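Trainee: Below you'll find the structure I mean.
The values are calculated or read from the model by the stated rules, or taken from the named source; none is laboratory data. Not measured: the values here are computed from a predicted model. Cβ sites come from the backbone with ideal geometry, for glycine too, and all protein chains shown count toward neighbours. All accessible areas refer to the heavy atoms of the entire protein, side chains included, with ligands and DNA or RNA removed. Shrake-Rupley method; radii C 1.70, N 1.55, O 1.52, S 1.80 Å.
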Amino acid sequence: MDTMTILSLSVETAIGPVAAIYVLAAIGLNMHFGYTGLLNFGQVGFMLVGAYGVAVSVATFGLPLWMGFLVSLACSVVLALVLGIPTLRLRSDYLAISTIAVAEVLRLVYRAEFARPVTGGVYGRQSFADAFYDANPLPEGSLGVGRVDFSSDELWLMLVCWLLVAAGLAMMALLMNSPWGRVIKGIREDEDAVRSLGKDAFTYKLQSLVFGGVFGGLAGAMIALNQQNITPDQFMPQVTFYLWAMLLLGGVGTIWGPVIGPVIMWFMLTLFDETLRGMASTGVLPFLATSDSGPLRHALVGVGLMLLIVYRPQGLVGNRKEMLVNVK
Amino acid sequence: MSSDATPGAPEAGQDRMAGTAPETGSAKTDPILKADGIRRSFGGLTAVDVEHLEVQRSTITALIGPNGAGKSTLFNLLTGFDRADAGEWSFQGRRIDRMAGHKVARQGMVRTFQLTKALTRLTVLENMLLAAPGQRGERFLGAFGRWLWTGQEAANRERAMELLARFKLDAKKDDIAGSLSGGQRKLLEMARSLMVEPSMVMLDEPMAGVNPALVQSLLEHITALRDEGTTVLFVEHDMDVIMGISDWIVVMAQGRVIAEGRPADIRSNEHVIDAYLGAHHDEPGQGAQQKEEGP
Ligand SMILES: Nc1ncnc2c1ncn2[C@@H]1O[C@H](COP(=O)(O)OP(=O)(O)O)[C@@H](O)[C@H]1O
Ligand SMILES: [Mg+2]
């Protein structure tokens, strides 16, 4: 394990499909929290219904893949409505509690024995992504620049993911620079003020929840394609918290925050993991087992977030003045 | 007593309240707002219990009363920001009790808040633009079609700048609202409410914290609004201001309306002096003296 290998691995992760998928989900979370002020602690729930939307449609019901995608999106919309309609008229904490609970309940339901005929229970679903890779127009073999390279299939998925990201960012930019976006940001600042000016805050919040949730669902669908094998336990609450950490790192309420955050975070995490692994395998740190990297990684993320909040609360690309405007 | 009237006060010849008896719950000749039996209690405390109240169109009506009298709660109820335990009220002949706050605002009754609600991380101009009614780009799908709303946006911007200039905030248009002083936020909130093109504005302590140098011009704006036909209902504590610009005064204490009348009637009203003026304020002590010399 030399430095170059570690670095190129880190770069591959930072621009790879998984990072792109996290970017998609973070774009949705940014819509919710960054722009609208909605506390969604269950973005992983949207990812779960998105992933299973594809997997179940194709593997269980034999539908074509494109219909699987439509099912994913429809499931995300339904989940957003189910979460939003009862809670968005109430104080903001109700949504927070509901999202975290519903995401976890969904995971338990999808893995339950009674759901097995449809979702595969704890075994999940496999082989539903062939149509996607059959459509790969890229030449076979591995492609890349220098040491950073990807297999043809990986690159194909990456390409699609980043194209989705680009489309998502373009939509976000259009939306947030429109009167609609102004109302949304107004709601984040003070919902009552917005209502007193004749705007139906509830409908806007619901639209935001649905739209951001669809990005979560899309991220889930891409996870399904990436892994070609999904199980419910990949959708643990940690995923949501990683997303939050990434979004805070990048900068909430900015266009580029949800892109920068996951990319940097995946880079750092891989760098950390690989360095640790390298050191463990060469025996530089004899007291350290490779298996310690998981907990250490969590500790690192925690320390990183604390430093971030102390020294750069606005995130990497946020505006400090705006962030601190309400701090007296 | 009309000799000490400020420029905005009605001339003797144009009493906007002509034909209205100065008594609690009196009928108005052209009421824009009519309310009956509004009640709201918090636990054991009856915050509002108003039997009948009418507000005359195109007048300035002051709502006064000691702290805790229920003025802000009444505002909240009337504008759909709180739910009444009982009561019916209509605005421009249309029932608006149980109507959601944003719908009440769309009917043309727009309120401001005692604790200002500037949208702090939006710029001053964005605060104004947000309030413009009927924007095509405000719809989710409409937002994507820039060409649909750029014209409307430009027109709104022009109107916003005119209003900001009136309130001397035009130089601050690109500052975030959170950087304004408390008084400037009050002004912004009032200017913003006017962007909605309301037929009635309800201002909850609009002068509180406003730079005294600006108060006079603020009063002129309020009278100008009235002269353009807008109805103004406002809560205020400064007796000089109230007596100076109000066409009509409604006095609340402990949730009830205890008196109504022209400024002159209120000055000499014993209930008011007992419940409010004499007890809690120094200035109104003058009111008590004037009562002795009274009409
Ligand atoms: N949300 C609330 N919960 C409990 N009590 C309230 C609430 N809002 C107002 N009150 C009480 O109702 C009474 C009237 O308050 P308010 O309408 O704010 O008075 P004013 O605006 O005239 O000063 C006060 O006694 C206040 O403490
Ligand atoms: Mg009050």
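Trainee: Please report, in cubic angstrom per residue, the volume enclosed by the convex hull of the alpha-carbon atoms of chain A.
Mentor: In chain A, the Cα hull volume divided by residue count equals 153 Å³.
Trainee: May I pose another question? Using helices alone, I'd like the mean residue ellipticity at 222 nm for chain B: each DSSP H run of four-plus residues gives -39500 (n - 2.57), total over residue count, nearest 500.
Mentor: When only DSSP H runs of four or more count, the value is -10000 deg cm²/dmol.
Trainee: May I pose another question? For chain B, what's the relative contact order in percent, using C-alpha pairs closer than 8 Å and at least 6 residues apart?
Mentor: 25
Trainee: Let me see the pair-distance distribution of the protein assembly as shown: every alpha carbon pair, 20 Å bin width, integer percents in order.
Mentor: Binned Cα distances yield the sequence 17, 41, 26, 13, 3, 0.
Trainee: Suppose we look only past 14 Å in the calculated P(r) of region A:199-258. What percent of the Cα-Cα pairs does that tail hold?
Mentor: Above the 14 Å cut-off, region A:199-258 has 71 percent of its Cα pairs.
Trainee: Ignore the peptide's own chain and count Cβ atoms of other chains within 10 Å of each Cβ in B:104-111; give me the average, rounded.
Mentor: Partner Cβ neighbours, averaged per residue: 3.
Trainee: Let me ask something else about it. Residue B:256: accessible area at probe 1.4 Å, nearest 10 Å²?
Mentor: Roughly 120 Å² of residue B:256 is accessible to a 1.4 Å probe.
Trainee: Using a Gaussian network model of chain B whose springs link C-alpha atoms within less than 10 Å, name the residue from B:115, B:225, B:45 with the highest mean-square fluctuation.
Mentor: Among B:115, B:225, B:45, the largest GNM mean-square fluctuation belongs to B:45.
Trainee: Follow-up. Efficiency by 1/(1 + (r/R0)^6): what FRET value for residue B:88 and residue A:15, r their Cβ-Cβ distance, R0 = 56 Å, to the nearest 0.05?
Mentor: 0.30
Trainee: Moving on to the next point. Once you place label points 7 Å from the Cα toward the Cβ at residue B:165 and residue B:197, how far apart are they in nm?
Mentor: Taking the two extended label points, one gets 2.0 nm.
Trainee: A follow-up question, please. Starting from the Cα of residue B:15, step 7 Å toward the Cβ, then list every residue of region B:207-246 with an amide N under 19 Å from that point.
Mentor: Residues B:243-246 qualify, since their backbone N sits under 19 Å from the label point.
Trainee: Restricting the calculation to Cα positions, tell me the Rg (one decimal) and the Dmax (whole number) of region A:59-207 in Å.
Mentor: 20.7, 61
Trainee: Rounded to whole Å and sorted largest first, what semi-axes of the equivalent ellipsoid does the C-alpha gyration tensor of chain B yield via the square root of 5 times each eigenvalue?
Mentor: 33, 22, 18
Trainee: What percentage of the solvent-accessible surface of the protein assembly as shown, computed with a 1.4 Å probe over protein heavy atoms, is contributed by carbon and sulfur atoms?
Mentor: Roughly 58 percent, rounded to a whole number.
Trainee: Still on this model: Hey, got the dipole for region B:51-189? About the Cα centre, +1 on K and R Cβ, -1 on D and E Cβ, debye to the nearest 20?
Mentor: It comes to approximately 240 debye.
Trainee: Order the peptides A:93-103, A:108-118, B:242-252 from the highest to the lowest mean number of other Cβ atoms within 10 Å of their residues.
Mentor: Taking the mean over residues of other Cβ atoms within 10 Å, the ranking is B:242-252, A:93-103, A:108-118.
Trainee: Now for a separate question. Return the average number of partner chain Cβ atoms within 10 angstrom of each residue Cβ along peptide A:182-188.
Mentor: Averaged over the peptide's residues, the number is 6.
Trainee: Okay, moving on. Determine, for each peptide in A:61-73, A:233-245, A:26-38, the mean count of other beta carbons within 10 angstrom over its residues, then list the peptides with the highest first.
Mentor: Highest to lowest by the protection proxy: A:26-38, A:233-245, A:61-73.
Trainee: When only Cα pairs under 8 Å and 6 or more residues apart are kept, what is the percent relative contact order across region A:3-323?
Mentor: Relative contact order comes out at 32 percent.
Trainee: Run the reach check for residue A:205 against aspartates and glutamates, Cα to Cα strictly under 18 Å, same-chain hits fewer than 8 apart removed. What comes back?
Mentor: Answer for residue A:205, where 18 Å is the Cα cut-off: A:93, A:189, A:190, A:191, A:192, B:138, listed by chain and number.
Trainee: Checking the table A:185/B:186; A:199/B:34; B:34/B:103; B:34/B:173 against a 28 Å threshold on Cα-Cα, which pairs fail?
Mentor: From A:185/B:186; A:199/B:34; B:34/B:103; B:34/B:173, over 28 Å: B:34/B:173.
Trainee: State the extension gain, in nm to one decimal, for the chain segment bounded by residue A:143 and residue A:229, taking 0.36 nm per residue of separation less the distance between their alpha-carbons.
Mentor: Difference between extended and current length: 28.5 nm.
Trainee: Additional query: So, R0 is 30 Å and r is the distance between the beta-carbons of residue A:136 and residue A:5; what FRET efficiency does that work out to, to 0.05?
Mentor: So the FRET efficiency works out to roughly 0.65.
Trainee: Right, another one. Taking the Cα centre of each part, how many Å lie between region A:16-88 and region A:196-225?
Mentor: After rounding, the separation between the Cα centres reads 9 Å.
Trainee: Report the Stokes-Einstein translational diffusion coefficient (µm² s⁻¹, integer) for region B:108-267, Rh taken as the Kirkwood radius over Cα pairs, at 37 °C with viscosity 0.692 mPa s.
Mentor: Approximately 194 µm²/s, per Stokes-Einstein.
Trainee: Scaled to the compact-protein estimate 2.2 N^0.38 Å, what is the alpha-carbon radius of gyration of region A:173-328, rounded to two decimal places?
Mentor: After normalising by residue count via 2.2 N^0.38 Å, the value is 1.31.
Trainee: Right, here's the next one. Along the principal axes of its C-alpha atoms, what lengths does region B:182-273 span, in descending order and rounded to whole Å?
Mentor: 39, 27, 23
Trainee: Obtain the nm distance between the two label points defined at residue B:100 and residue A:60 by a simple spin-label model: each point lies 7 Å from its Cα along the Cα-to-C-beta direction.
Mentor: My value for the distance between the label points is 3.4 nm.
Trainee: Leaving out ligands, DNA and RNA, calculate the buried accessible area for the pair A and B with a 1.4 Å probe, summed over both sides, in Å² to the nearest 100.
Mentor: Roughly 3100 Å² of accessible surface disappears when A and B pair.
Trainee: Further, regarding this structure: Residues of A:21-31, mean number of Cβ from any other protein chain within 10 Å of their own Cβ, rounded to a whole number?
Mentor: Mean partner-chain Cβ count within 10 Å for A:21-31: 0.
Trainee: When the convex hull of the Cα atoms of region A:144-183 is projected onto a plane and the area is averaged over all directions, what value comes out in nm²?
Mentor: 3.6
Trainee: Which whole-number percent is the relative contact order of region A:142-290 (Cα, under 8 Å, 6+ apart)?
Mentor: Relative contact order, region A:142-290: 11 percent.
Trainee: Right, next: Any idea what the alpha-carbon Rg over 2.2 N^0.38 Å comes to for region B:121-179?
Mentor: 1.17
Trainee: Here's something else I'd like to know. What FRET efficiency comes out for residue A:296 versus residue A:264 if R0 is 25 angstrom and r is the Cβ-Cβ distance? Round to the nearest 0.05.
Mentor: Efficiency for this residue pair is about 0.85.
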